[in-house]
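Here is the structure we will look at.
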Amino acid sequence: MTIAREVSRRSFLWTLGGSGAIGLVDKWDALDAFAQEPSGPRHVPDFTGPGANPYWNSVGPLVTEPQKSPLILLTDRPVQLETPRHYFLNAFTPNDAFYVRWHLETLPNSVDLKEWRLRIKGNLGKPLTLTLDNLVTKFKASSTAAVNQCSGNSRSRLQPRVPGGQWGNGAMGNALWTGVKLREILDAADLKSDSVQVQFEGLDRGKGPEGSASNRFMKSLDLTDPVLDETLVAYSMNGEPLPMLNGFPVRLVVPGYFATYWVKSLSWIRVLDKPDDNFWMKTAYRIPDTPGGSTTPDDVKAGKVKTVPIAKMPVRSFLISPDGSTKIPSGLPVRLRGIAFSGYGGITRVEVSVDDGAGWRTAHLGGDEGKFSFRTWELSWIPQRPGTYGVAVRATDGEGHTQKDEMVWNPGGYLWNRIERQEMMVGAAD
Ligand SMILES: Nc1nc2c(c(=O)[nH]1)N[C@H]1C(S)=C(S)[C@@H](COP(=O)(O)O)O[C@H]1N2
Ligand SMILES: [Mo]
């Protein structure tokens, strides 16, 4: 507990206003013990075994950052916080419980909206400089419910293990995002016809991982990519301003795509006439160009793996409750509840097995919040006999993709979407 308290004692100045245009935290005032990723013994559950996954989340202390409820600390520098499992009982993830992931050392900790601008520049006829007020009043507002999931969500399941933040399943969240369609902004800026990509950059600065030469985080999308028609420059999250740690005042929302493209504290949109070859596009966040994005360590060593930038999220589903921590009584109904989502169109079916995948029953789907949202599901189950049951859940999306029992493996630890399993203990009701 001392650790949690110490870590949250950082000298922040979280004002949404203030004197300077942009306040920057230039150093995390954290304990030395957290200067690096937590090391030392860490129980590694066996996910290949029949059923059991005792650790749905990653294992770490709970810390409370400004504007946030206690979240699981994965790493301190850069800051990575995971959302505890129970928040996923509902379709929408509260802003204060939404996971956090940054790459660089220096994060914006305050933004003065009087001075802040979104600048649209590069290969276009009419560069734009917009205030937040311009975005809100001069453009039409659009809303989309969309899942934000880190590419490395569930990375701690990969075998053999891969480097990178060892996320459990909580590096994801769903929100109702409101803002301006990127298309509208690009149209107003009059793109030149030889433009190929559009690049996004936020206010964060500083040292990234080894090999990232620049001190900036930048991501780009192809101008021919249909996802641009869905993409929002969002100024509202679940009806409120975005928390600083989730990208205040505006962030990019790329529905269906992994969160690496969802650039936070977005301040520059740059239209490019050549493909972006910065570290975050050319080296990081790439997946094997194979079906399912899987490969093997041997093929990687042999230099055989051609890669492409990561893009859409494969279909996933989770059992959220009961969480397996307590025995449930036999002979009485229990509500199995959870969520499902896919970057390839909405969820059409969720199936649950209570016998380790031998038989499957179709779950009842909750309200449809749109094809990029979490979809809740539930199923009533009466376990007849005491014992240990292997509960598994799998979803199918609008394009017919379904989850499999095969492991996913690639060196980045991306795209994990294996069928989730959980042991459930059933005892005699007295
Ligand atoms: N400016 C900026 N935006 C960023 C990042 C970053 O490091 N800097 N990281 C990206 C990645 S990899 C993830 S997983 C998401 C995390 O979004 P969240 O912190 O709001 O949950 O932000 C994305 N946008
Ligand atoms: Mo990420």
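Scanning the range 153-190 for residues that are under 22 Å from Gly343 (Cα atoms), at pLDDT below 95 and within 11 Å of ligand 1 (Cβ to nearest atom) yields a count of 1. The set of residues in the range 109-143 that are surrounded by 19 or more Cβ atoms within 10 Å (Cβ to Cβ) and over 27 Å from Ser195 (Cα atoms) comprises Asn109, Ser110, Val111. Residues of the range 258-280 that are out of contact with any Cys (no Cβ under 6 Å at 6 or more places or on another chain), open to solvent by less than 20 Å² (accessible area, probe 1.4 Å) and within 11 Å of ligand 1 (Cβ to nearest atom): Phe258, Thr260, Tyr261, Trp262, Val263, Ser265, Leu266, Ser267, Trp280.
Go through the residues of the range 311-323 one by one and say whether even a single one is farther than 29 Å from Trp360 by Cα, within 16 Å of ligand 1 (Cβ to nearest atom) and among the hydrophobic types (A, V, I, L, M, F, W, C). Within the range 311-323, one or more residues are farther than 29 Å from Trp360 by Cα, within 16 Å of ligand 1 (Cβ to nearest atom) and among the hydrophobic types (A, V, I, L, M, F, W, C).
Of all residues in the range 281-310, those being surrounded by fewer than 18 Cβ atoms within 10 Å (Cβ to Cβ) and within 16 Å of ligand 1 (Cβ to nearest atom) number 2.
Yes or no: the range 191-202 includes at least one residue that is within 14 Å of ligand 1 (Cβ to nearest atom), touching a residue at least 24 places away in the same chain (Cβ under 8 Å) and open to solvent by 10 Å² or more (accessible area, probe 1.4 Å).
Yes - at least one qualifying residue is present in the range 191-202.
Residues in the range 63-103 that are surrounded by 23 or more Cβ atoms within 10 Å (Cβ to Cβ) and of a type in the set (D, E, K, R) were compared, and the one that is farthest from ligand 1 (Cβ to nearest atom) is Glu82.
Only residues that are touching a Ser or Thr at 6+ places or on another chain (Cβ under 6 Å) and surrounded by fewer than 21 Cβ atoms within 10 Å (Cβ to Cβ) were counted in the range 230-257, giving 1.
Tell me whether the range 206-218 contains one or more residues that are open to solvent by less than 10 Å² (accessible area, probe 1.4 Å) and under 19 Å from the mean Cα position of the chain (by Cα). Scanning the range 206-218 turns up no residue that is open to solvent by less than 10 Å² (accessible area, probe 1.4 Å) and under 19 Å from the mean Cα position of the chain (by Cα). Name the residues in the range 159-181 that are hydrophobic (A, V, I, L, M, F, W, C) and either surrounded by 23 or more Cβ atoms within 10 Å (Cβ to Cβ) or touching a Pro at 6+ places or on another chain (Cβ under 8 Å) (or both), would you? Hits for the range 159-181 are Val162, Trp167, Ala171, Met172, Ala175, Trp177, Val180. Based on what the data block shows, is Thr106 at pLDDT 50 or above, within 19 Å of Pro243 (Cα to Cα) and open to solvent by less than 10 Å² (accessible area, probe 1.4 Å)? So Thr106 fails the test. For Thr283, the criteria (1) away from ligand 2 (no atom under 16 Å from the Cβ); (2) modelled with pLDDT under 95; (3) in contact with a Ser or Thr (Cβ under 9 Å, 6 or more places away or on another chain) hold in every case but one, which is (1). Considering only the range 130-180, state which residues are part of a loop (DSSP other than H, G, I, E, B), closer than 24 Å to Ala234 by Cβ and more than 16 Å from ligand 2 (Cβ to nearest atom). Hits for the range 130-180 are Thr131, Phe139, Lys140, Ala141. Residues that are of a type in the set (D, E, K, R), within 16 Å of ligand 2 (Cβ to nearest atom) and assigned to a loop (DSSP other than H, G, I, E, B) are absent from the range 218-228 altogether. Every condition in (1) surrounded by fewer than 15 Cβ atoms within 10 Å (Cβ to Cβ); (2) within 24 Å of the chain's Cα centre (by Cα); (3) among the basic types (Lys, Arg) is met by Arg155 except one, and the failing one is (1).
The values are calculated or read from the model by the stated rules, or taken from the named source; none is laboratory data. Only a predicted model underlies this, so the values are computations on that prediction, with no experimental measurement involved. FYI the Cβ positions are ideal-geometry reconstructions off the backbone, even for glycines, and counts take in every protein chain you see. All accessible areas refer to the heavy atoms of the entire protein, side chains included, with ligands and DNA or RNA removed. Shrake-Rupley method; radii C 1.70, N 1.55, O 1.52, S 1.80 Å.
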